[in-house]
1. Can you run down the residue pairs with Cβ atoms below 8 Å, 6 or more apart or on separate chains, where the first is in segment 69-82 and surrounded by 13 or more Cβ atoms within 10 Å (Cβ to Cβ) and the partner is of a type in the set (Gly, Ala, Ser)?
2. Scan segment 20-29 residue by residue and report those that are surrounded by 11 or more Cβ atoms within 10 Å (Cβ to Cβ) and modelled with pLDDT of 90 or more.
3. Quick one: is THR54 assigned to a helix (DSSP H, G or I) and modelled with pLDDT of 95 or more?
4. Which one of the conditions (1) in a helix (DSSP H, G or I); (2) over 30 Å from HIS78 (Cα atoms); (3) not aromatic (Phe, Trp, Tyr) does ILE48 fail to meet, given that it meets all the rest?
5. So which residues in segment 46-68 are closer than 30 Å to ALA33 by Cα and either touching a residue at least 60 places away in the same chain (Cβ under 8 Å) or more than 30 Å from the chain's Cα centre (by Cα) (or both), if there are any at all?
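The values are calculated or read from the model by the stated rules, or taken from the named source; none is laboratory data. Remember, it's a predicted structure, so these values are computed and weren't measured experimentally. Ideal geometry is used to build each Cβ from the backbone, glycine not excepted, and the neighbour counts take in all protein chains shown.
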Amino acid sequence: MTLDTACALAEFAPSYARATIMQASLAIVGFVAGLVAWLLGAVVPFTIIVILPTNKALLANPTGIDAVRLLTRWNRLHAVRTVLSFAALLLLLLQR
């Protein structure tokens, strides 16, 4: 420290107040950015592990009740993926 104790203490309070606001703001922005990245990242393994088998089954040209069952399943799975992506977009937009 280059200041004497009295001056350092006088500077500490206003510096601490500004730093607290800055650190809290940056922590919140970092949290939201991490959450957005996690949501967007979660879409990829969800697509590969959960949706891809249904896609492959649909590409095998199923018929009758199997086709209806697979298309219904694909619709629900696609909705989950859409909600994850939309949530990430909303969080990203709210971050600004």
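1. LEU70/ALA57
2. Hit for segment 20-29 is ILE28, nothing else.
3. yes
4. (2)
5. None; the set is empty.
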